[in-house]
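Since the structure comes first, as structure tokens, the remarks are kept for the end.
The values are calculated or read from the model by the stated rules, or taken from the named source; none is laboratory data. As the structure is a prediction and not an experimental result, all values here were calculated from the model. Positions of Cβ are generated from backbone atoms using ideal geometry, with glycine treated the same way; all protein chains shown enter the neighbour counts.
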Amino acid sequence: QVSLVESGGGLVQAGGSLRLSCAVSGTIFSINAMGWYRQAPGKQRELVATVTSGGSTSYADSVKGRFTISRDNAKNTVFLQMSSLLPEDTAVYYCNADLRTVVAGLTNRYWGQGTQVTVSS
């Protein structure tokens, strides 16, 4: 069994900052890429940022320069530091991890349950 637990969401004023965390636990052999997606009401889920096991990162254009993704491989945790938040950043944020549970197993994507981020104007 694998679980991803997010924390750090909440209500913040425009221009403020929040830091999301996502801890992966359970039977894990290796974790490849980890990432954050978000879904606003009435919209499709969209990619926010990803980080590889080697630390390479990529971002959606809408968050470049404002958000920073990082990971702690020793703790199987991924972070999303969000700064200069805008009302349009309001969404449920989901973390994911591409991982193998056994050495010869397939790599599958696992998701967290989501954490609400609300940015007031």
Practice prompt. Among the residues of the stretch 50-69, write down those that are of a type outside the set (Lys, Arg) and touching a Leu at 6+ places or on another chain (Cβ under 8 Å).
Written response: ALA60, PHE67, THR68, ILE69
Worksheet entry | Single unsatisfied condition, THR27 versus (1) buried (at least 16 other Cβ atoms within 10 Å of the Cβ); (2) touching a Ser or Thr at 6+ places or on another chain (Cβ under 6 Å) | (1)
Worksheet entry | Of all residues in the stretch 1-39 being among the hydroxyl-bearing types (Ser, Thr, Tyr) and in a strand (DSSP E or B), the one that is farthest from the chain's Cα centre (by Cα) | SER30
Worksheet item: Just one of the numbered conditions (1) farther than 13 Å from THR118 by Cα; (2) modelled with pLDDT under 95; (3) of a type outside the set (A, V, I, L, M, F, W, C) is not true of PRO41; which one?
Response: (1)
Response to the item:
Being in contact (Cβ under 8 Å) with a residue 60 or more places away in the chain and either surrounded by 15 or more Cβ atoms within 10 Å (Cβ to Cβ) or under 20 Å from SER120 (Cβ atoms) (or both) narrows ALA49, ALA14 down to just ALA14
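Results for (1) in contact with a strand residue (DSSP E or B) (Cβ under 8 Å, 6 or more places away or on another chain); (2) more than 11 Å from TYR94 (Cα to Cα); (3) among the aliphatic types (A, V, I, L, M), shown as yes or no for each residue.
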position: LEU11; (1), (2), (3): yes, yes, yes
position: GLY16; (1), (2), (3): yes, yes, no
position: ALA23; (1), (2), (3): yes, yes, yes
position: GLY26; (1), (2), (3): yes, yes, no
position: SER30; (1), (2), (3): yes, yes, no
position: GLN39; (1), (2), (3): yes, no, no
position: GLY54; (1), (2), (3): no, yes, no
Discussion item. Any residue in the stretch 83-109 that is closer than 30 Å to GLY15 by Cα sitting within a Cβ distance under 8 Å of a residue that is acidic (Asp, Glu)? List the pairs, counting only those 6 or more apart or interchain.
Written reply: TYR93/GLU6; TYR94/GLU6; CYS95/GLU6
